[in-house]
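Q: I am attaching a structure below and will ask some questions about it afterwards.
Every read-out reported here was derived from the displayed coordinates using simple, explicitly stated rules and does not represent laboratory data. Since we're looking at a predicted model, the values are computed, not measured. When we count neighbours, we look across all protein chains shown, and the Cβ atoms used for this are built from the backbone with ideal geometry, even at glycine.
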Amino acid sequence: MSLRLVVRLAFLGLLCGPVVAVLRSPAVLAEVDEIDLVNVPGGIYVMGDPGGDANEAPRRVKVDPFRIMRKEVTNREFARFVAETGHVTDPERRGFGWVWDGRWHKVKGADWRRPKGLEGDFSRLDDHPVVQVSHQDAAAFCSWLGLRLPSEEEWEYAARGGDGRRFPWGNEAPRQDGRRLANFGAVKCCAPDTWDGYGGTAPVGSYPDGASPFGLLDMAGNVWEWTSNVFPGRPEYITLRGGGWGNNPYCLRVTYRHGNPPDIGLDMVGLRCAGDAGA
C-alpha cells in the first residue's frame, strides 16, 4: 500500500552547517507534487548473496517497518528543492562532475542541470532521475522533505522482499530481448546500450514489469542510489545500490554493493528517500 505525503513545513539539515528552518511559500507549495511513499512492513530476511562478491556474504537482518519512495527523485522535484532553499550542489561548487561513456571522465560544468557538461541539454529531462548529486546533496534533499536516505538493509529489503530473489522482479537476469525489465547497459560489461529505449537515464517508472515485491520501480538500473551506510572496508566511502543505465546485469543484482566518496557527483548516480513508519 502507499500513502500520499504533501510536505508543508520541512527542515533543511546540511551536513556541513547548521540546521535551517525552511517555511514553504504558497507559490512553491502549489507546485510540489505529492510524494508517493510505499509502506514496507518490518521483517527478518537474509541479506546478501552467497554467489556474489566477498562483501555480499549472507547474514540475517531484522528490518523495522519503514516508508520509501516508489520512484527515484526526478529533476523536476530537485529543481523545486533548489528554488526554495537556494541549495548549491557539490559538483556546482567544484565546477565539475563525472560522466560515463564506457569509462569515467571528469567533465567541467557537469552538474544536475547539465549532467553531461556545458554542452548538455537539460530541457527534456524533467521526469528523469536527478543525477550529479553527491551523498551530501541527496541527504539535504531528503531532509527538506522531512525524510532521510534509506539504510542498506532497508534498501535491499524493499528491493527483494524476503524470498531471496536476485533481482526486484525475480531470479531472471534482464536481457536485451523480450520484456524490458530495467534500464541497463550492455550485457558484456560495461557500456551504455539503447535496446531498452535509452542510452542514458529513462523517465522514472518506465519499466513497471521490473517492480519489486512492494511495488517499487527502478530498484535495478536507471541510476545508482545513495544509502546512509559507509562502504565495507572503506569508511571514507558511502554505499550505492541498484546499478545504473551503463551497467551489466551482474551489477543490477539487489545485493551488489558499490561505494563512492560522499562529495562527488556522477551522471549515473541519483537517490530516493525513506522515512520511519508513521513519521
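Q: Subtracting the Cα-Cα distance from 0.36 nm times the residue separation, let me have the gained length for residue 119 to residue 39 in nm, one decimal.
A: Full extension from residue 119 to residue 39 adds 24.8 nm.
Q: Note down the nm distance, to one decimal, between modelled labels 7 Å out along Cα→Cβ at residue 108 and at residue 171.
A: 5.3
Q: Let me ask something else about it. Answer with a single label: of (1) 0.99; (2) 1.04; (3) 0.94, which was calculated as Cα Rg over 2.2 N^0.38 Å from the structure in view?
A: It is the one labelled (3).
Q: Among DSSP beta bridges whose residues both lie in segment 225-279, state the antiparallel percentage, nearest 5.
A: Within segment 225-279, antiparallel bridges account for around 90 percent of the total.
Q: Now for a different question. When only DSSP loop residues count, what trypsin sites (Lys or Arg not before Pro) in segment 144-179 have their Cβ near at most 14 other Cβ atoms within 10 Å?
A: The qualifying sites are 175, 179.
Q: Which net charge results for the neighbourhood of residue 149, defined as the other residues with beta-carbon distances under 12 angstrom from its beta-carbon, given Lys and Arg at +1 and Asp and Glu at -1?
A: So the environment of residue 149 carries a net charge of -1.
Q: Let me ask something else. If exposed means no more than 13 neighbouring beta carbons inside 10 Å and the site is in a DSSP loop, what's the longest run of the chain without any exposed GluC sites (Glu not before Pro)?
A: The segment 173-279 is the longest one with no such site.
Q: If I model a spin label as a point 7 Å beyond the Cα along the Cα-Cβ vector, how far apart are those points for residue 79 and residue 53 in nm?
A: 3.5
Q: A follow-up question, please. For the chain, what is the calculated [θ] at 222 nm in deg cm²/dmol (nearest 500), taking -39500 (n - 2.57) for each run of four or more DSSP H residues and dividing by its residue count?
A: It comes out at -4000 deg cm²/dmol, rounded to the nearest 500.
Q: Could you work out how much longer the chain between residue 188 and residue 163 gets when fully extended? Use 0.36 nm per residue separation minus the Cα distance between them, nm to one decimal.
A: Difference between extended and current length: 6.2 nm.
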